[in-house]
Amino acid sequence: MYNFLAAFVICGGIIIIGELISHWTKAWVPSVFASACILLVGYWTVIPYDLVKDSFLIPFGSTLGIFLLITHMGTIISLENLMKQWRTVVVCLSGLAGMCIAVYFVCPFMMDRSLVIAGLPPLTGGIVAATMMQTAATEAGLLTAAVFAITMYCVQGFAGYPLTAICLKYEGRRLLERYRAGERASAADAEAVKEVTKLPEERHGILTVPEKFNTPVVILTKLGIVAWLAFLMGGWTGISGAVWALVFGVIFSTLGFLDTNSLIKANSMQILMFALTMYVFEGLKDCTPQMLIDLIVPMVEMIVIGVAGMWLFAYITAKILKMSPWLTFANSLTALYGFPFNALITESTCTAMAETPEEKEYLMSELFPSMIVGGFVTVTIASVLIAGVFVTMF
């Protein structure tokens, strides 16, 4: 009864259960963590060793899928929103710099250098960084490092969620004191809550394909062309092709060649993310119980040291820019979970603290825009660039 279709169904079932657990716990247990635990226990018991390979979700997810996704990410970056929230951008980059410096220079005294290289980029971002580091570690024959990259990606949210909630609550109390003293949100601040989640407008130029010819296949082919150019540029320059894919995604979207939110428009985002997620999880098949036990301490050490470095740099930057340290640290912490969790945590905090709809509107106007931009800066942009540097270090 077991064949490629059965393998595909099992993979889908694992992801679905993880999403249900995340929903039941209101995202406090990340879906990727729940799915990874199910798959890991399954590998140790009844799930076939080559489940993901048998489902034929790889090599699509690990090759074509990752480059298409990174190029697509460039099409959803709003340069206008980043410019409006430039202080948030500076704080987030500073926080990530603090995390990278602390981990890179302190953690080698506590763990193998390969674990530091493999684990740091996933700690600063999401699935793209984890995929890049897992692939690089596997190609270098470092299976333990590859597993470490996956586990770091799966557990980082457990540090990010509670710390962000604490920061937002302290900041919320400060803002409510100001509101109850008479301060109100301006019309521009209220409008920013709506604008910050909007995608960049479609741009039209000499490279734009007429809409009547712009079918899903055409959209995917255009993504493929830009990703191909990025891959070639990576070979010519020695800089990871993934970095060029992100940069070219922004450039060709601005020129009108690539559609805004390309993969969504081509109705291809979910199957690609499914394949990519299962490719990442596929590395868990080599994780033994003893290996997992051995990785727990290094994982905790890296998270603690990284978050401490992030806090220090974000705090210093906040003082220089005359910003709230609580909010700036919360903005930086978006690196540990990204969108949509940054939106969920912010909105739930505002709802819990506000006593009236007007107070919630005020809190949202002060907190929501910077939290959303923080997620774009850390996970969508910076983590890819960081991973592009670290993949060359093995």
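How many angstrom lie between the C-alpha centres of the range 1-53 and the range 237-272?
The distance from the Cα centre of the range 1-53 to that of the range 237-272 comes to 29 Å.
Quick one: order Leu312, Leu223 by neighbouring beta-carbon count within 10 Å, fewest to most. List each step's numbers first, then the result.
Numbers: Leu312 17, Leu223 29.
Going from least to most buried by this count: Leu312, Leu223.
Between Ile47, Ile303, Ile381, find the one with the highest GNM mean-square fluctuation for the chain; connect C-alpha pairs within less than 10 Å.
Comparing Ile47, Ile303, Ile381 in the GNM, the peak value goes to Ile47.
When the Kirkwood radius is taken over all Cα pairs of the range 237-392, what Stokes-Einstein diffusion coefficient follows at 37 °C and 0.692 mPa s, in µm²/s?
Numbers: Rh = 18.9 Å.
Taking Rh from Cα pairs, D becomes 174 µm²/s.
Show me the trypsin sites (Lys or Arg not before Pro) within the range 290-394 that DSSP assigns to loop and that have at most 13 other Cβ atoms within 10 Å of their Cβ. Write out the running numbers ahead of the final one.
Working: sites: Lys319, Lys322, Lys360; in loops: Lys322.
When the trypsin sites (Lys or Arg not before Pro) of the range 290-394 are filtered for loop state and at most 13 Cβ neighbours within 10 Å, Lys322 remain.
How would you rank 29-40, 361-372, 341-352, highest first, on the average number of other Cβ atoms within 10 Å across their residues?
Numbers: 29-40: 21.2, 361-372: 23.0, 341-352: 19.3.
Highest to lowest by the protection proxy: 361-372, 29-40, 341-352.
Mean separation of Cα pairs under 8 Å and 6+ residues apart, divided by the residue count of the chain: what relative contact order is that in percent? Please report the intermediate quantities before stating the final value.
On the way: 606 pairs, mean separation 127.4, N = 394.
With pairs under 8 Å counted, the relative contact order is 32 percent.
Sort the following peptides by mean Cβ neighbour count (other Cβ atoms within 10 Å, averaged over residues), highest first: 238-246, 212-220, 73-81, 263-271.
Details: 238-246: 22.1, 212-220: 13.0, 73-81: 19.4, 263-271: 16.8.
Ranked by mean Cβ neighbours within 10 Å, highest first: 238-246, 73-81, 263-271, 212-220.
Among the listed pairs Lys26/Lys53; Lys26/Lys322; Lys53/Lys212; Lys26/Lys169; Lys265/Lys285; Lys322/Lys360, which are separated by more than 28 Å between their Cα atoms?
Lys26/Lys53; Lys26/Lys322; Lys53/Lys212; Lys265/Lys285
Which whole-number percent is the relative contact order of the range 1-56 (Cα, under 8 Å, 6+ apart)?
Details: 46 pairs, mean separation 26.0, N = 56.
Across the range 1-56, relative contact order equals 46 percent.
Which of rounded, prolate, oblate describes the range 1-56, given a ≥ b ≥ c as roots of the alpha-carbon gyration tensor eigenvalues and a/c under 1.5 marking rounded, otherwise prolate only if a/b is larger than b/c? Mind dumping the intermediate values first?
Working: a/c = 3.04, a/b = 1.98, b/c = 1.54.
Prolate.
Which helices of the chain meet both criteria: a Cα extent of 27 Å or more along the helical axis and a mean Kyte-Doolittle score no lower than 1.0, with helices taken as whole DSSP H segments?
Working: long enough: 4-24 (30 Å, 1.95); 86-106 (30 Å, 1.78); 143-180 (56 Å, 0.41); 216-237 (31 Å, 1.60); 289-321 (47 Å, 1.62).
Within the chain the helices that satisfy the rule are 4-24, 86-106, 216-237, 289-321.
Throughout, read-outs are computed from the coordinates displayed, never taken from laboratory work. It should be emphasised that the depicted structure is a prediction, and the values quoted were computed from it without experimental measurement. Glycine gets a Cβ as well: all are built from the backbone with ideal geometry, and neighbour counts include every protein chain shown.
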